[in-house]
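**Student:** To start, I am sharing the structure in question, which I have written as structure tokens.
The values are calculated or read from the model by the stated rules, or taken from the named source; none is laboratory data. These numbers were taken from a predicted model, which means no experiment stands behind them. Cβ: placed from backbone, ideal geometry, glycine included. Neighbour counts: every protein chain shown. SASA here: full protein model, heavy atoms, side chains in, ligands and nucleic acids out. Shrake-Rupley method; radii C 1.70, N 1.55, O 1.52, S 1.80 Å.
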Amino acid sequence: MDYHKLLETLLLEKEGMLLTKDIIEAGISKQLLSKYVKKGYIERVAQGVYLSKDAFEDEMYVLQARSKKAIFSHETALYLHDLTDRDPLQYTVTLPSGYNASNFKNDGIYVYFIKNDLLNLGVEYGKTPFGRNIRVYNKERTICDIVRNRNVINSAIINEGIRRYLSKKEKDIPKLLQYAEKFRVEKIIRQYVEVLI
């Protein structure tokens with residue numbers, strides 16, 4: 001079997017970025033993978049993440065590939081949902097309480113922690129600016145998260161995010177209030193809704 005051709009096909013299918021599991025599932029051994037990295041056919045950009053020489057590195061995708069538990073949240077989620085015009089200066093993710101996030105913090109990623117029973121509430125798939133699938137909190141969860149953390153998030157960002165959310169057709173106020181109750185910010189969210197609608 002021509003493994004080099006198989007690798008090229010796989011890189012085309014995956015838009016130049018591969019995970020170790022993609023490579024192993026295709027039948028390419030880890031030894032062969034190491035050989036391709038040494039020869040410069042592909043580059044290892046993070047543990048378990050490989051990039052072809054002519055592909056753009058998708059930082060958000062790589063970040064999430066490093067940890068399946070990481071979910072884009074807060075200011076990064078606002079940006080992904082077009083609820084702010086500000087590009088995130090640093091990515092924000094939420095991880096389960098007790099998770100060792102030292103690698104994320106060392107890479108300049110802002111990390112929030114939450115109990116396991118609330119970690120997956122409101123998770124959906126979004127797209128990176130390069131069009132790859134990533135896990136991100138939905139708009140309603142994002143609004144609750146920024147209000148819950150209003151002591152560390154710029155109030156102008158919070159106000160803009162809520163105003164933009166409430167002006168969208170796709171808003172779901174009952175879901176927003178349901179989430180707000182779970183996160184104990186219902187009173188504050190109701191005040192915003194009453195003033196801005």
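**Student:** Relative to the present Cα-Cα distance, how much length would full extension add between Val111 and Asp85 at 0.36 nm per residue of separation?
**Tutor:** 7.2 nm
**Student:** Let me ask something else. Just to confirm a number: summing +1 for Lys and Arg and -1 for Asp and Glu over residues other than Leu196 whose beta-carbon lies under 13 angstrom from that of Leu196, what do you get? If you can, show how the numbers build up before the last one.
**Tutor:** Values: positive: Arg163, Arg164, Lys168, Lys171, Arg190; negative: Glu160, Glu194.
That works out to +3.
**Student:** Between Arg44 and Val152, what FRET efficiency comes out of the Förster formula 1/(1 + (r/R0)^6) with R0 = 30 Å and r the beta carbon distance, rounded to 0.05? Before the final figure, lay out the partial values.
**Tutor:** Values: r = 34 Å, r/R0 = 1.14.
Step by step, r from the Cβ atoms, then E = 0.30.
**Student:** Keeping all protein chains in place, calculate the accessible area per residue for the chain (probe 1.4 angstrom), answer in Å². Write down the numbers at each step before the final one.
**Tutor:** Values: 11230 Å² over 197 residues.
For the chain, the solvent-accessible area averages 57 Å² per residue.
**Student:** Picking from Ser34, Ser52, Phe72, whose Cα lies most toward the positive end of the charge dipole for segment 1-74 (charges on Cβ: Lys, Arg +1; Asp, Glu -1)?
**Tutor:** Projecting each Cα onto the dipole axis, the largest value belongs to Ser34.
**Student:** A further question follows. Residue separation times 0.36 nm, minus the C-alpha to C-alpha distance between Ser97 and Gln191: what's the value? Kindly include the intermediate steps, with their values, before the conclusion.
**Tutor:** On the way: separation 94, 0.36 × 94 = 33.84 nm, distance 2.97 nm.
30.9 nm is the gain from fully extending Ser97 to Gln191.
**Student:** Same structure, new question: Answer with one residue from Leu6, Ala180, Asn159: the one whose Cα lies farthest towards the positive end of the charge dipole of the chain, charges on Cβ with Lys, Arg +1 and Asp, Glu -1.
**Tutor:** Projecting each Cα onto the dipole axis, the largest value belongs to Ala180.
**Student:** Consider all pairwise Cα distances in the chain and report the whole-number % of them above 29 Å. Each step should come with its number before you reach the end.
**Tutor:** On the way: 6481 of 19306 pairs.
Looking at the chain, the distances longer than 29 Å represent 34 percent of pairs.
**Student:** Report, in whole Å, the centroid distance computed from the Cα atoms of segment 162-197 and segment 56-73.
**Tutor:** Centre-to-centre (Cα) distance: 28 Å.
**Student:** Once the Cα atoms of helix 173-182 and of the chain are each reduced to a long axis, what angle between those two axes, in degrees from 0 to 90 to the nearest 10, is obtained?
**Tutor:** Relative to the chain, helix 173-182 is tipped by roughly 90 degrees.
**Student:** Along segment 58-70, what does the Karplus equation 6.51 cos²θ - 1.76 cosθ + 1.60 (θ = phi - 60°) give for ³J(HN,Hα), rounded to whole Hz, x for Gly and Pro?
**Tutor:** 9, 4, 5, 5, 4, 4, 6, 5, 5, 8, 5, 7, 6
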